[in-house]
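FYI, it's all coordinate maths here, none of it is from the lab. Owing to the predicted nature of the structure, the values given are computational and were not obtained by experimental measurement. Cβ sites come from the backbone with ideal geometry, for glycine too, and all protein chains shown count toward neighbours.
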Amino acid sequence: MTVRAEASPSLALVKYWGKAPGGVNLPATPSLAVTLDGLRTVTRVSESDIDRVVVGGEEQPLDAYRPVLTAVRARARADAPLLVESSNSFPTAAGIASSSSGFAALALALDAFHNLGLSRAELSSLARLGSGSASRAVFGGFTAWAAGAESAEPILPADHWPELRLLVAVIRAGRKPVASRAGMRATADSSPIYRAWCEASPALFDRARRALERRDLEALGEAMRESYLFMFSTMFTTRPPFIYWLPESLAVIHAAERLRTDGVPVWETMDAGPQVKLLTTSEHAAAVRSAVIAAVPDASIIESRPGGEPEVSRG
Ligand code: PMV
């Protein structure tokens, strides 16, 4: 039997960066996110002679997958070896949240494979064991994940704001140099502003959530910008510092700044990689695209919108 699950990545508007003590991947900060329609991870789970995980045709070390596999096996009281085959319609491990959609699809596929019938909250908690942001990607639309919470929750459907657009400017598609898990640990251990980041995040989350609820793009964009810039400030002040940004990332940040000066509503955010994600509306997406390409001619742009309901099928 083969089970197939599809999930889309969760892009944080307000970031999770840092872990709360105790538990696995419990967040130190609340995050607010949108699931990106059109970008997909497809994961198939089937019987095998030995456990194997293959992503984009490449055999993976099993360590990262063990917590999810072990938790599911305990629930299912089953220990048959499995083959997990996964592919992404967008660059992997490059800061486009492929781990969020990857572990969300894995949790959904394993649940279906073992006929566990887990609730969405349980699936969210299961996906979190692989990657924190995956707790949000088991849902489509807009999601929230409270500090210290074992699972994320859906807060608004995708059609709450259908004209919202998220443009992902792919600067460099290679694997990121510092995994988010190691980066978070180093930041918490040595950044002198880590505590300030954790203290400031709840207010940013509240501001962004209220702005999202009333579809106030400017207020949402400003809170989103403050969140990512504060998050990166913790990395820049970590000992030793680490910098995911490339010169082209900064060129896109400045292009967005110029667009805003010219009255185009666009705000940017970034994650653990050099790509820049831009929040705007359908009306302004073409202008944003041209400005990004003018600033970084080699960038490729993936245009997305809120959506990304997961799907599971058999056969
Ligand atoms: O879930 P992880 O371990 O890939 O960490 C995600 C961290 C950020 O993408 C930078 C922020 C977020 O909330 O998704």
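Using a simple spin-label model with pseudo-atoms 7 Å out from Cα toward Cβ, T261 and V178 lie 3.0 nm apart.
Counting only Cβ charges, +1 for Lys and Arg and -1 for Asp and Glu, the dipole size of the chain around its Cα centre is about 480 debye. Here the Gaussian network model covers the chain, with springs between Cα atoms less than 10 Å apart; of R172, R77, R215, R77 fluctuates the most. Residue by residue, region 49-54 carries 3J(HN,Hα) couplings of 7, 9, 5, 9, 10, 10 Hz when phi is fed to the Karplus relation 6.51 cos²θ - 1.76 cosθ + 1.60 (θ = phi - 60°); x denotes Gly or Pro. Annotation note: GluC sites (Glu not before Pro) in region 128-223 located in DSSP loop regions with a Cβ neighbour count of at most 16 within 10 Å are E163. Cα centroid distance between region 212-285 and region 160-177, in Å? Centre-to-centre distance over Cα atoms comes out at 11 Å.
Highest GNM mean-square fluctuation among L36, L126, L229, for the chain modelled with Cα contacts below 10 Å: L229. Extension gain, S282-E222: 0.36 nm per intervening residue step, less the Cα-Cα distance, totals 19.7 nm. Cross-link partners for K176 among the aspartates and glutamates, with Cα-Cα distance under 17 Å and sequence neighbours closer than 8 places in the same chain left out: E58, E248, D271.
Principal-axis analysis of the Cα atoms of the chain puts helix 285-295 at an angle of about 80° to the longest axis.
Can you classify region 236-315 as rounded, prolate or oblate using the Cα gyration tensor, where a ≥ b ≥ c are the square roots of its eigenvalues, rounded means a/c under 1.5, and otherwise it's prolate if a/b beats b/c and oblate if not? Present the calculation step by step, with values, prior to reporting the outcome.
Details: a/c = 2.10, a/b = 1.14, b/c = 1.84.
Here region 236-315 falls in the oblate category.
Mind checking which of A203, S124, V312 is farthest towards the positive end of the chain's charge dipole, using Cβ charges of +1 (Lys, Arg) and -1 (Asp, Glu) about the Cα centre? After comparing all options, I get A203. Divide the volume of the convex hull around the Cα atoms of region 105-165 by the residue count and you get 93 Å³ per residue. Note on the chain: Rg/Rh from Cα positions, Kirkwood definition for Rh, rounded to two decimals, is 0.96. Our estimate of slack between D159 and A121, defined as 0.36 nm per intervening residue step minus the Cα-Cα distance, is 11.5 nm. Between D79 and R214, the simple label model (points 7 Å from Cα in the Cβ direction) yields a spacing of 5.7 nm. Plugging the Kirkwood radius over Cα pairs into Stokes-Einstein for region 169-315, at a temperature of 4 °C and a viscosity of 1.567 mPa s, what D comes out in µm²/s? So the translational diffusion coefficient is about 77 µm²/s.
Placing +1 on each Lys and Arg Cβ and -1 on each Asp and Glu Cβ, with no other charges, gives region 30-169 a dipole about its Cα centre of roughly 180 debye. Per-residue Karplus couplings for region 26-43, computed as 6.51 cos²θ - 1.76 cosθ + 1.60 with θ equal to phi - 60°, are listed in order as 7, x, 7, 10, x, 10, 10, 9, 10, 8, 8, 5, x, 8, 9, 10, 10, 10 Hz, Gly and Pro entered as x. Mind pulling up the Rg/Rh value for region 132-256? Radius of gyration and Kirkwood radius, both on Cα. Rounded to two decimals, Rg over Rh is 0.96.
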